[in-house]
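Asker: Encoded as structure tokens, here's the structure I'll be asking about.
Please treat every number below as a calculation from the coordinates, not as lab data. All of these numbers come straight from a predicted model, not from anything done at the bench. Quick reminder, even Gly has a Cβ in these numbers, built from the backbone with ideal geometry, and neighbours come from all protein chains shown.
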Amino acid sequence: MFVTLCQQDHRPSRIETERFDVADIQDLAFDPLCIRIEGEDTEAVNHALQTIRAHRPWSLKPVFTAMPGDEVTRALHDGVCQSDQQALALARDIETLAQSVNGLEDAGHQDQRLLRFMFTRPGKQLQPVKDWRHADVYSYPLLECFVDPGEKTGEWRTRLLRRGLLQEHELYDRLRLCGSCSSPHLNYVDVCPNCGDIHIESKKFIHCFTCGHVAPQEAFTSDGILACPKCLSALKHIGSDYDRPLESFLCSACEQRFAEPEVVASCLQCGDTAKPDELVVRPVASCQLTEAGRLMARGDDFMGLFYSVENLKFQRPQVFLHMLDWQISITRRYPDNHFALVGIRITNAGQLAEALGHVSSMKLVELFIRLLSEYMRDADISMRDQEYRVWFLMPHADASDGEGFLARVERLCEQSADAEGNRLQIQSCGLFAPADLEDGENAELLLARAGGLLQ
């Protein structure tokens, strides 16, 4: 196996090794721009990928392989490259996005590392990999490389989903988990529905019409003829002398007859048993970055620049929705109270990226959003729920106030034009209560209706 360490405008350094470990990284005297791994041994390639991703100073570096590999390879690498030049070209695209992230190499916390890794690789998803030997059956190789010591990857992933930083994308499977220890390693056993014993066997039963006796078929066989062992009646014709009851199982412990056994799940880890409908169901899906995750990945600090109360009066979505609900409640109780909900979306971000470059266009967008705070009143609050969309809640503002605000924003867009005429273009909407407030509408529905006006 060969590990090539590519440098900008320098001859790449090539290491031949059977197993690439942390010691190989620590002995280096330079910091590569990207890494390319060549080898036919998929296990050795995956070990090298895991080593690099788990090593914090290198965890966010572009890493490419010469072969597609398996599911673990695809979860950890940044693509397949047949040459160092191709790897450097793709690495520059990642580096361009990395320039817009403050403190990319100082991403010490596991959340920062993961969010910034996914941000600098648009479209990258957390892919589950099935492995029956794994404690959770499905693993997320990237999470396992980035996770902090002492943290469980399953709990970390669930926390990121609940915080809205990740969202599930493609459903792969559903697992049934033990309710006591959450292990998916279960054994499903047929048991007697009467006593719960596992000593059950399938039997053919006969029902004698003469005396009503029911017993296994072998009890009715005597001297080569079929006869009832209780009343000694000869059973010649099924349907007139006897029939076969629905019961087809017999419990050796309690001698109970039954038609169908009961199924219980026995946990192979803790030994607890439960009925299948009592098990915990956990979906297994790939995960992708949300808009909130993108914003946090680009923030100056871990809490996220764009959700900070001190910075630009931007509030977290939960706080903004709560304040909007509060305004709606006041307006419904006191109809003379009014407020404005104003939305602004930048519509030409993609075109600006092509004209100015990704980093320059993002800097222009961030400057524009920062300047918006200068037009806000002291009582106004705002929320950025998408990378190019911002909401403003303006208490005691009417239509004229909202229109005046949007006119100032439009002038700000005109002032953003550069020498070539490239400027921000926006789409805006304004809803004004109580006139635009519909019956039974809460903050979430009002915001969704306003969002439809910005499509």
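Asker: Quick one: compute a quarter of the convex hull surface over the Cα atoms of region 2-168 and quote it in nm². Spell out each step's value before the answer.
Answerer: Numbers: hull surface 40.0 nm².
Projected area, direction-averaged: 10.0 nm².
Asker: Same structure, new question: Starting at the first residue of region 150-156, write each ³J(HN,Hα) from the Karplus equation 6.51 cos²θ - 1.76 cosθ + 1.60 with θ = phi - 60°, in whole Hz, x for Gly and Pro.
Answerer: Working through the residues one at a time gives x, 9, 9, 5, x, 5, 5 Hz.
Asker: Report, in degrees rounded to the nearest 10, the 0 to 90 angle that the Cα long axis of helix 110-119 makes with the longest principal axis of the chain.
Answerer: Between the helix axis and the principal axis of the chain, the angle is about 70 degrees.
Asker: Please report 324, 371 as a ranked list, fewest other C-beta atoms within 10 angstrom at the top and most at the bottom.
Answerer: Values: 324 22, 371 14.
Least to most surrounded, the residues fall as 371, 324.
Asker: Could you list 362, 323 so that the one with the fewest beta carbons within 10 Å of its beta carbon is first and the one with the most is last? Kindly include the intermediate steps, with their values, before the conclusion.
Answerer: Values: 362 20, 323 17.
In increasing order of surrounding Cβ atoms, one gets 323, 362.
Asker: Within the chain, how many lysine pairs that are 8 or more places apart, or on different chains, have C-alpha atoms less than 26 Å apart?
Answerer: So the count works out to 14.
Asker: On to the next question. Give the share of C-alpha pairs in each 20 angstrom bin for the chain, from 0 to the last occupied bin, in whole percents, shortest bins first.
Answerer: The distribution over the chain is 19, 35, 25, 14, 7, 0, given as percents.
Asker: Helix-only estimate, please: 222 nm mean residue ellipticity of the chain, summing -39500 (n - 2.57) across DSSP H runs of length 4 or more and dividing by its residues, to the nearest 500. Intermediate results must be reported in sequence, preceding the final value.
Answerer: On the way: 13 runs with 139 residues, N = 455.
Here the helix-only value at 222 nm equals -9000 deg cm²/dmol.
Asker: Treating the angle as unsigned and between 0 and 90°, give the value, to the nearest 10°, between the Cα long axis of helix 317-333 and the longest Cα principal axis of the chain.
Answerer: Around 90 degrees separate the two axes.
Asker: On a full-extension model of 0.36 nm per residue, what is the gain between residue 353 and residue 258, subtracting their alpha-carbon distance, rounded to one decimal in nm? Spell out each step's value before the answer.
Answerer: Numbers: separation 95, 0.36 × 95 = 34.20 nm, distance 7.09 nm.
Extra length available between residue 353 and residue 258 comes to 27.1 nm.
Asker: Output ³J(HN,Hα) for region 380-385: one whole-Hz value per residue in order, computed from phi by the Karplus curve 6.51 cos²θ - 1.76 cosθ + 1.60 with θ = phi - 60°, and x for Gly and Pro.
Answerer: Ordered by residue, 3J(HN,Hα) equals 7, 10, 9, 8, 10, 9 Hz.
Asker: What FRET efficiency do you get for residue 13 and residue 269 if R0 is 45 Å and r is their Cβ-Cβ distance, rounded to the nearest 0.05? Present the calculation step by step, with values, prior to reporting the outcome.
Answerer: Numbers: r = 46 Å, r/R0 = 1.02.
Efficiency at R0 = 45 Å is approximately 0.45.
Asker: Here is a further query. Residue 426's amide H: which non-local residues (gap 5+, or another chain) put their own amide H closer than 5 Å, with H modeled 1.01 Å from N in plane and none for Pro or chain starts?
Answerer: So residue 426 has HN proximity to 347.
Asker: Turning to a different aspect of this structure: Taking amide hydrogens as modeled 1.01 Å from N in the peptide plane, which residues meet the under 5 Å criterion relative to residue 242, leaving out close sequence neighbours?
Answerer: Hits under the 5 Å cutoff: 209, 237.
Asker: What number do you get for region 351-401 when its Cα radius of gyration is normalised by 2.2 N^0.38 Å, N = residues? Each step should come with its number before you reach the end.
Answerer: Working: Rg = 13.8 Å, N = 51, 2.2 N^0.38 = 9.8 Å.
For region 351-401, the normalised Cα radius of gyration is 1.41.
Asker: Ok, one more. At q = 0.11, 0.12 Å⁻¹, what base-10 log of I(q)/I(0) does the Debye formula yield for region 186-276 when every alpha carbon is treated as an equal point scatterer in vacuo?
Answerer: -0.41, -0.47
Asker: Right, here's the next one. Taking neighbour Cβ counts within 10 Å as the exposure measure, how do 298, 133, 408 sort from fewest upward?
Answerer: On the way: 298 22, 133 6, 408 12.
Listing 298, 133, 408 from fewest to most nearby Cβ atoms yields 133, 408, 298.
Asker: Each label point is 7 Å from the Cα along the Cα-to-Cβ direction; what then is the distance between the points at residue 74 and residue 218, in nm?
Answerer: 5.3 nm
Asker: Please work out the FRET efficiency for the pair residue 277 and residue 225, using the Cβ-Cβ distance as r and a Förster radius of 51 Å; give the result to the nearest 0.05.
Answerer: Details: r = 47 Å, r/R0 = 0.91.
Taking R0 as 51 Å, the efficiency between residue 277 and residue 225 is 0.65.
Asker: Which whole-Hz couplings ³J(HN,Hα) result when phi for each residue of region 201-213 is put into the Karplus expression 6.51 cos²θ - 1.76 cosθ + 1.60, θ = phi - 60°, listed in order with x for Gly and Pro?
Answerer: Taking θ as phi minus 60°, the curve returns 9, 6, 9, 9, 10, 10, 10, 7, 6, 5, 10, x, 5 Hz for region 201-213.
Asker: Taking Cα atoms, how many degrees apart are the long axis of helix 358-372 and the longest axis of the chain, rounded to 10 and kept between 0 and 90?
Answerer: Rounded to the nearest ten degrees, it is 80.
Asker: Provide, for q = 0.12, 0.18, 0.20 Å⁻¹, the log10 of I(q)/I(0) from a solvent-free Debye sum over equal Cα point scatterers in region 308-452.
Answerer: Debye intensities relative to I(0), on a log10 scale: -0.50, -1.03, -1.22.
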